[in-house]
Structures are given as structure tokens and as C-alpha cells.
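Notes follow once the structure below has been shown.
The values are calculated or read from the model by the stated rules, or taken from the named source; none is laboratory data. Because the structure is predicted, anything quoted here is derived from the model rather than measured. Neighbour counts are summed over all protein chains in view; Cβ atoms, including those assigned to glycine, are modelled from backbone coordinates with ideal geometry. Protein only, heavy atoms only, side chains kept; ligands, DNA and RNA dropped before computing areas. Shrake-Rupley method; radii C 1.70, N 1.55, O 1.52, S 1.80 Å.
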Amino acid sequence: SSGINAEYGGSCIAYMVTIGDQMTSVCTYITRNSTESHYCDRHLIIPAASVIAILPIIWFKSISAFSYVSFFSVASVFYLVAAVVVEFLTTDTRTDRNLWFPTDSDPIKILSIMPIISFGYQCHMTSVPLYAELHNRSVGKYSAVVGAAMFLATLAYVTVGALGLAMYGNDVVPDIILNFPDNSVVITVGRMAVSVSICMTYPVVMFIGRGALESLIIHLTRNTRAPLSPDNSVFRYSSILLWFFVTLVVATFAKGLNDVIAVVGSIAATFMFLFPGCMIVVMAKRERNYAHVFVGWCFILLGVFVFSWNIVDTLYEHLKGHPSGLGTLIYG
């Protein structure tokens, strides 16, 4: 439960930071000829946007209720993809740099981008409750849903990433939308679309994290005179508010999205291999299938290795004088 709280709490923080970055640019576009530009401060935008857009939709008791907003989330993402394509076709910012083999590339550095990949594809925790909500559920139907979702996510990531790299080369920033000019109407609407998509995603991620938080609190209070119950409305509402405001405070004062993703992605990379590995080991031991036990342990060890590698790599970069990710959060 503690690991899930850390991973999904960090994810919610990253979502709020992204909303702040995107809406700050939107605010700058709206107030570019106004004296009210002081309202575009990131420390004001994040709380305001979160309270207005996220707080009203996080009170659902079941994850199935979020199915009604998922369409808008997916539509917002693909509007952004279309906006990037339009920007690529209508601007002259394409670079002639050697994009795919930069001079400072290092094959071992592939391990350092695992947190980013893991953050982008972290759906292992939501898979169980999503399967439980399927109508006439079966493994085949669930596999089709997961396959379609992964295909759409990969299509969006590859399109935006490749075109952004083609336009800005090695100058591309971690949050690629920030590379685009603030005076573009298409991109401004795209930034709003990103914010809408994240607002719709936050409640789903919070639902999983809040469930783990409630389980942890219930476990800690099980031997008290008044043990808590998940059916207690006051307890549920209190845990929702606690989760929301803690993530909001941290997001408001976080240094940037890259730092948050470095931490959350490292934890996600660990769980993406650790949890499946543990499940494979337990199931294989019951069936006395020692080949599968070996495979499960390989998953577990890979997850631990990836997490350890990213900590060591970040600390090494800090010692070299180029702190990023975990290092900036540890050392400031």
C-alpha cells in the first residue's frame, strides 16, 4: 500500500504540475496585451485550476462513474496530436540535425529513460478495477481493451515525440508542448486540451491511490476501539480531501515536471516488473512450475535493478554538476 501511495500520489502531483505549466501558457496568451499578466503565476494557476476543474469530479465511489468522462479525455489527447501535426506542416522550424544518433548518445543511458517510459505506460494498478467493471468480462475482451488502449497511447506518444524532435531537435524540452510558441491559437487550444485530459485522468489515478491509502489506514487502526471502515462516508470524504490537498501543496511548490517524473517513473518502473514478478512466482509455486518461478524472479530483479540504477545515475549526474530528476529533489 505504501508503494502504491507513493507512485500514484506522485502521478497526481505530476498531473497538477502539467496543468500548471500548460495553463500558465494559456493565461499568458490571453493576457498578452493586458496589465493582468500577474495572474499567470504558476503558484496561483495550479491551485485555481485544480480546485475549479478537479475537485468537483473526485467524489465518485466507483471507478465505473469515470467512464462518462473518458471520451473527453481521449478526444482531448488526439486534438493535441492533430495540433502538433498541423504545427509541423505549417511552420518552418524543422531542423537539419542528426536526430536519431546524437553525438552524446550512450547505449547504457537507455536505462535512464525507463522512468519516463514507465510513467507513460503505468496502467498495471488500474487494470484490476477496470477488469472488474467490464460488462460480460472475459480474458479475451479484457485483452482487446488493453491492446486498443496501449495502441492509442503509443500512437499519440510516437507522433508527438517524433514530430517534436523533427522540429526542435536536441533543444526539445521534457514537456514538448512548451517548445511551441505562446501566440499560436491551435497550440493554445491544444494546451487547454491537455489540461482537460489530465483533469479527467486525475480522478481515476486518485481512486487507486486513495484505495491503497484507506487500506493502509484501516490496517493501522484495526486493533483500536473504533476501527475504520471503507463504507464510512466521513472516512471516505476525509481521505479524498487529504489526498487532494497534499498532492496540491506538493505540486504547487515542485520545481518542475521533469523532477516529479524522475521520482514517480522510477517507482513505477519498479512496480511494473515487481508486481507481475511476485504474482508469477506465487502462481508458479502453487503449480510447481519452476521455470515460471525463474521468470518471475527475473522480473523482480529487473525492477529492483532499474530503480537502483536510476538512483545511482542521478546521484552521479549531481556529483558531475548537472543535477536532475531525483538529484534535484534530494539536494535542491
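A few notes on this one:
- E133, sole failed condition from (1) loosely packed, with under 15 Cβ neighbours inside 10 Å; (2) modelled with pLDDT under 75; (3) over 20 Å from S70 (Cβ atoms); (4) touching a helix residue (DSSP H, G or I) at 6+ places or on another chain (Cβ under 9 Å): (3)
- Looking across the stretch 245-291 at every residue that is modelled with pLDDT under 85 and in contact with a His (Cβ under 8 Å, 6 or more places away or on another chain), the one that is surrounded by the fewest Cβ atoms within 10 Å (Cβ to Cβ) is identified as F253.
- Restricting the stretch 164-215 to residues that are part of a helix (DSSP H, G or I) and among the aromatic types (F, W, Y), the residue that is least open to solvent (accessible area, probe 1.4 Å): Y202
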